[in-house]
Each structure stands twice: as C-alpha cells, then as structure tokens.
1. Being farther than 25 Å from residue A:193 by Cβ and of a type outside the set (Phe, Trp, Tyr) narrows it down to one residue among A:146, A:84; which is it?
2. Cβ contacts < 9 Å: first residue closer than 11 Å to residue B:203 by Cα and more than 7 Å from every other protein chain (Cβ to nearest Cβ), restricted to the stretch A:96-110; second residue aromatic (Phe, Trp, Tyr) and in a loop (DSSP other than H, G, I, E, B), any location; separation 6+ or different chain. Result?
3. If residue C:234 meets every condition in (1) buried (at least 24 other Cβ atoms within 10 Å of the Cβ); (2) closer than 21 Å to residue C:119 by Cα; (3) polar (S, T, N, Q) apart from one, which number is that one?
4. Can residue C:65 be described as within 30 Å of residue B:124 (Cα to Cα) and modelled with pLDDT of 80 or more?
5. Determine which single condition residue C:140 fails, assuming it passes every other condition in (1) under 28 Å from residue C:287 (Cα atoms); (2) assigned to a helix (DSSP H, G or I).
6. Could you list all residues from the stretch C:127-163 that are within 18 Å of residue C:109 (Cβ to Cβ) and in contact with a Gly (Cβ under 7 Å, 6 or more places away or on another chain)?
7. Is it the case that some residue within the stretch C:218-239 is more than 14 Å from chain B (Cβ to nearest Cβ) and farther than 30 Å from residue C:85 by Cβ?
Amino acid sequence: MMLEVRDLKTQFLIGGRTGTAVDGVSFSVDEGQTLGIVGESGSGKSITALSILRLLPRPFARNAGGEVLFRGVDLLKLNDKQMRRYRGHHISMVLQDPMTALNPVLTIGDQIEEAIRMHRKLPRAEVRRLAIEMLELLRVPAAARRLASYPHEFSGGMRQRVVGAIALACQPELLIADEPTTALDATVQDQYLRLLKRIQRDRSLAIIFITHDLAVVARMCDRVAVMYAGRVVERAPTAALFAQARHPYTQALLRSALPEIPDRNARLYSIEGAPPSIFQPRHGCPFAARCEHVMPRCREEAPPDIEMGQGHAASCWLLA
Amino acid sequence: MLMLILSRALQSCVALLVLSVVVFGLSRASGDPVELMVPVDATQEARDVLRHTLGLDRSLAEQYVTFLTGALSGDLGVSIRERRPALDLVFERLSNSAWLALTAMTVALTLAIPLAVAAAVWKGTLIDAFARYIAVLGQSMPTFFVGLVLIIVVSGRWGLLPAGGMESWQSYVLPSITLGWFVVAGMMRLLRSSLLEVLDSEFVKLARIKGVPERVVIWKHALRNALISVVTLGGVYFALLLSTAVIVETVFAWPGLGRLAYDAVRFRDFPVTQAVVLVTAVLVVTINLVVDFLYAWLDPRIRRSQSGGS
Amino acid sequence: MSEAAVARTPSRSALVARWRGFVARRPPWFALLVVVAVLTMAAMPDLLSGHDPNAQTLRARFLPPFWLERGTLVYPLGTDGLGRDILSRIVHGTRVSLLVAMLALLVGGVVGGSLGLISGYARGWIDIVIMRLADSMLAFPMILLAFLLAVTVGASLWTVVIAVALVIWARFARVIRGEVLSLRERNFVKLARIAGCGTLRILWVHILPNVFNTIVVLLTLQLGWVIIVESSLSFLGAGIPPPTPAWGSMIAEGRASLTRAWWVCTMPGVALMLTVLSFNLIGDWLRDVIDPKLRQD
C-alpha cells in the first residue's frame, strides 16, 4: 500500500471545549487508484485530508492518535522539516476554491516555479521549462506567455488548472483533491475531471477524491469511504456501493442524490435532522438520532466494522 | 493604472484648491494684516498707502487670484517676524522635519512589523497579549507626555541624551522614539489583524501544501498581502505623523516645520502660517500619490486593471 | 512553527483558550473604576479637592508629592511654580477636558454620523463628494488646521470643540457609511421600501437603530483619542485660555520646571494617560461584547 491511514483521530479545542472531528478513521490507497471520501459538509472529510498533510488549522486542531503510513513511514511522527519534504513532493493537494487558492500578488509563474524549487535544485531556465510543461500538461493555452500573468487575469476553470499545475509540479505520488470541481460549472468540471483521469493514468498517480457529489464519485473512484460525524461508516468498491449500500446513512445519501423515479411530483428525498456537533459526547452510533432503522442498542454501543467480503464493510448493528 | 493615477492627481489638485481657499479665508478672517505691520501711531494715509501696495483694497476675489498666482510662482509673501520670504523659511525647516519623520518611521516599522508578525503567528500566546497591551498603551499615551517623560528620565535623571535641539545623531534618538511610538501602536494592530486574515486564507494553505517553509510562508506569501491594507492607510498615517510632529518638535525644540508652524501661529505670522499649511498640503498630496503607486505595485489587481476602480 | 502549535499538549492549549476567552469578555474593572472616579471628579470637583485650584501660595512653591522628602499631605501631589495644589488643579481640569471632549465628540459624531448615513443611503455623487471630503480630512494633518482655527478665531470653549470635531467627524462618516451600505441591501430595508416607506422613515426606523450599537462603540473608542487631541491643543497653547486648569495646559506649564520639579507636568500627564487608557480599554471591551465585527479596524 502506498498510503495507509489507521485509526486517525483529530480533535478541536475551541473555548476550552474538546471536539472530535475525525474519530478513528482508517482507509488505504494504492498506486493508480482513486479513493473517494464522501460525506456531508462537517463530516470530517477535509479535516482528514489536512491531518494527512499535517496542515490542521492551529492552534485549535491537533492530532490525537492513529497512524498515517506513507510507504511505511508514519507521517505523524516526522518533525517539521522532514514533513515538509513530503508536502508537494510525495503528497500534494488541490483545494476547493480556485478563486482564493492562488496568491493574488504573485504571478502564476512564481507560484508554480516555487513549488518546483522547493524540492528540486535546478537551474532557473530548467525550472521555467518545467513550469511551462506543467501548464501545458493541464492544457492551459499559451502556457509560456501566461507565466507572467497574475491569478486575477484567469477564469475560474483556468485558475483551477493552475492550482492543479502547482499541485502536480513535483510529480507527487499521491494527490488529495478536496472538492476540486465544486466551484466550477458543469462543462468546466467535466473537462477538469477528464484531465485528472488522464494524468492519473499517465503517471499512475494515487488520488484521494473528497466530494459530496456522488455522480463525481461514480465517475472517478475505484473505491469509496463514506464518512459521517468523523467516522467511516461504510467502505466499498464503487460499483458495490452503488449496487447495494449497506449502511442506512449511505442508503439515505444515495436516495437523496439519485431519485429513483424521475417524476416531477416526487419529492426530493432528504435526510431529516443534522449531524451531531463534534463537541457532543459520544454514545453509540452517531447516526442513531437520524436513522430510520434505529434500535435501542444503537444508542448504547458504537457498532463495530463488519466485513462483508470483497473490500465491502460497514459499521451498523443491522448487519451484526 | 494610468487612469487611476491621473484621476487621483486631478482629485488632489481640487483638494489643494479648496484648501487654498480655506487658508486664504482664514488668514483674511483673522484680522487686518496692515494693523500688524504698521507702527501704532501711523497715520490713516500711511495705512491706506500700505493697504494699496499690498493690494488689500481690492475685492476679495481679486485678492485671492493674486494670492493664488503668487503661490503658484513660489511667492507666498514675506514673514512679518523675520522679514524674509515665507517659503524660504519653510524650505529651511523642511529637511529637518523630513529627517525626523524618516527616522521615526524607521523606528516604527522595525518595531511594528516584527511585533505584528509575532503576535499573529503566535496568536493567543503571551507575545500576542504583550503586543495587544503595547497597542492599547500606545494609543493611550499622548505624544507630548511620552516626550516629556523621556526627557525627564533619559536626559534629566540619567543624563544620557540631549533633551532638545538638533546637534548630533544623539539628538535624533528621543524625538524619533516619541514620534515613532505613536505610529507603532496603530500600525501593529492593523497589520496583526490583516495578517491573521491572510494566514487563514486558501493560498497560504496552498503554499504550505507545496512544502514551503513556514518562514517563507509568513514573510513572502502572507506579509505582502497583509501590507496592502496597511499601505491603503498610509496617507492617514502620514497625516497623523505630521500632526504629531508639530507636538514632538515643540517638545524637543526641533527646528522643523512643525515648530515653525507653532511659532508662526503664536506670533500671528500669517504669510509663514499660510506657507506652512500650503507646503504641508502639497506634501500630503504627493505622499498620497506615492501611496497610490505603492499600493498598485503591491497589488497587481490594481496595477493591471485598465479602468482602475477605487 | 505550525507543528509545534499543533502538537501542543491538551492541558496547555485548553488553558490558553480559556485564558483568551477570559481576556476577551471580562469587564475591565480597573478601567471602569477609573472612569467612575474621573466622572465624579468632573461632576463635583470641589468635593474632592482641598484647595482652590487657582489659589497661589508662594511659600509653598514646588513642593514635591507627599511620598518624597519635603512633601506633605496638605498637597498630596505637590505644588507648581506658583504654589498651586496640583491635585486640586487636576480635579478641576477633569471637568474642562471631559466637557470639551464630550461636546466635541457629540458634534463630530452627529455631523459625521449623519453624513455617513446620508452618504451610505443616497450613494451616487452625494456619496462620492462626502467620502472624498472625509478622505481628504483623514489625509490632512487636521491638528494643524484645528490649531490654526483655534488661534485665529480666538481660544474659547467652542473653538476648541469645533476644532476637535473637525478632526474626528470623518472617522464616524466612514464607518457609519460602511454599515449603512450593507444594511440598505438587507431584506427588511428592501421590504420597507417596497411597502412605500419614505426615505426619512427608513433611515429613522430601520437603519438608525441598527447602526446605534456601532455608534456607541465608536463613541467610546474615540473618546480617548478626542481627549488626546484636546489636550494636545491645550498643550500647544490653543486650548481653553488660562487660568482655567486643563490637563494639557498644566503639562505645558510644567515644562518650564521639568528638571527642577518633574511632578508638575508628570502628575496631570498620568491622570490624562490613565483616563485615556481606561476609555480605550472599555471601548475595546464594549466592541468585543456588542459589535465584534468592528474588530477589524
């Protein structure tokens, strides 16, 4: 395995209260694979990503246990300097909002070249050539000329490609994409996803794709982890998940995203209630309060991970 | 960009014109200059002659035009007290003030920037609290009081530095600290809060994702963006600096523009007062234009836009 | 750096967080106490001062404060070069300084606030004119102009008030305009407009109450600054004419005997500083409690 996350825990400390945002999450991803992490906003997906890169917002958040093994090295045990060598170089990340992800006062050339210079000592001209190559890889037209442009001179879609060029500049082995297409409109989103797929194939890149959009998951991912309230409630190969989701939360999520009868009278399904606050004390299954099939036991005891073969697992008492 | 600078320059000219009317009006409203210039026992005839030579018997509008054309050609009248062209007096003092302002700004920036960075980076720690108290204290201590306390303690009690005048580099120390101290508080506060905002931004996160060391993240990516909001207020700071300079120069007997203004107003030397106010105004306008340039240089969004919104 | 902060032990960060919350919300008791004392001094100066502030006792010139050698409790903070009791002069000076500051704040606040209200609501060229004016005011060393005004027109209570108001109105105009600009886009204002409310009514009923908090916070935050401006003017000799005691002019008078009797200018200076500091602390606290969005400034 390239990346193996084991029992990762991340806590927030705000106003003297402790909240668990990521609560014992485990998953893994290998070369050329794409793992989707799905969940509502606030389910802990982005915090999981930031925990892997150790870029949690300080001083509020901190790691509270678990392991992040990248090719066997526990990233959580590295010091600052060692960790920095992994960022951008081995593991990189694409952020959600291309409008704010680029530094407005630096040219995009500066920003791409900086990413390269951070990890490779090369002559200036060579760095420049690589930067142009990156922009071309992401199909930014007139790449050589655009190096001197500033972010505000690009459209949203083009900016997201620049962000992609920065993230991929040092040829990382793992790319974490945190809702990279949410801010883009449909056609631009489509182009971007195609591009990402192609680059993945060419470089056998591993991708962790964080999204709340199940249609994107179906298109991009080999395997999916569904997160709810800081926990992975179901893990499965993409096809298996869509064919037979086992956890009530996943089922509800699928129903709300893909209405079975395309009837205009059919009400769009939505899950009643809201996820629990991360500051609430935990008893039992976090989904119990909103679950249609809730049993007394669910409120007492947290359900274990139940393996169902072929990499499909869910944590629910219904399956026990 | 060019449009922006042009429109700013035009606005500045209008502001200067308005100010010249105010200055002219004030100087005329404050009493008949003839009375200040002639001996008490002068005859009515002598007064009328002088009034005529000074052009004071013409209409106000005519007088204003004369005043303005004079001002534009560098003639702002003759000092009543010193019997020398007012503008010469002003220029003699200008460089002294400029040096003081420059050293004070240097003091202020070398204190404010690192302190603001430290407070923002280590938010919520003792350093942050310390910076916060410095800021509150700085805004609560009147400049003249800081100056006097420094004189009492450093010059009086310890006998270390001169209490006034402008003889050697040592004379610069106390006035520039006094003048700079005042700027430190406000600037640090502003820089800290805008740094905090920037450090929380997505592009700083992206820089960290690239593996950029924290030092570079702060000084290259964050500070430059945060400085934009400080530079925006650069004009306001400069105005405050000038105001404060009047007081500091008075306290430390510094032969600068502020001291000249103070003396001129006290001795009702109106040509000099006018000259000081107008030269200061031109200075303010120029500095504000420089600030606009600086702002545009720091922020490509403005530099590169053709219309240049404000 | 970031990692060090992330890896901090929980007990310590909990402490830091709690401490921060404490600092942010705890009322500044000391400052409130000072302000109450200052207000009492301003309201009933005779009650608190043992001497006539202008009574000169030539035998008792330059007496130091009581804790120093030669000091006596008869003149607790010492006497000045004319043998006047410094404490009594400080107490009586409070009234003048505070009166001028509050009047100036009122005038500046009302003028600046109204202009800001008009500017933000009317927009268009009115807005441009008012804001350009405010910007030029902010970018001009107004203390110089105020000083000029005070001296040319003649020093009196009202010239000082007007001079100080001239310096501060622009800040009010700027902040209130910003508030109004965002308020006028809010639904309840839009609804009122659709319902046919007149402009004056909208301003009075819907907008003014909503900027009221901001005005209160701004007034407190500016009070300290205004006291400084006023004392600077009177320090430069452009304030309330003598012999009425004012803090700024007392400090100016004390300069002459700086080396001989440091307390003459230091005592009123400390009073001034404590007062301004207290108003600033209360202002900060009020802002945090009432109107956190102002914090950016």
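1. Working: A:146 fails: farther than 25 Å from residue A:193 by Cβ.
Every option except A:84 fails the conditions.
2. If the second residue must be aromatic (Phe, Trp, Tyr) and in a loop (DSSP other than H, G, I, E, B), the pairs left are A:98/A:154; A:106/A:150.
3. (2) is the only condition that residue C:234 fails.
4. On the way: within 30 Å of residue B:124 (Cα to Cα): no; modelled with pLDDT of 80 or more: yes.
The answer is no for residue C:65.
5. All conditions are met except number (2).
6. Listed by number, the list holds a single entry, C:160.
7. Step one: of the stretch C:218-239, the residues more than 14 Å from chain B (Cβ to nearest Cβ) are C:218-219.
So of that shortlist, the ones also farther than 30 Å from residue C:85 by Cβ come out as C:218-219.
The answer is yes, given that some residue of the stretch C:218-239 is more than 14 Å from chain B (Cβ to nearest Cβ) and farther than 30 Å from residue C:85 by Cβ.
This table checks each residue for (1) under 23 Å from residue C:217 (Cα atoms); (2) small (Gly, Ala, Ser); (3) at pLDDT below 80.
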position	(1), (2), (3)
C:120	yes, yes, no
C:143	no, no, yes
C:150	no, yes, yes
C:179	yes, no, no
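The values are calculated or read from the model by the stated rules, or taken from the named source; none is laboratory data. Please read these numbers as outputs of a predicted model, since none were measured by experiment. Cβ atoms come from the backbone with ideal geometry, glycine included; neighbour counts cover every protein chain shown.
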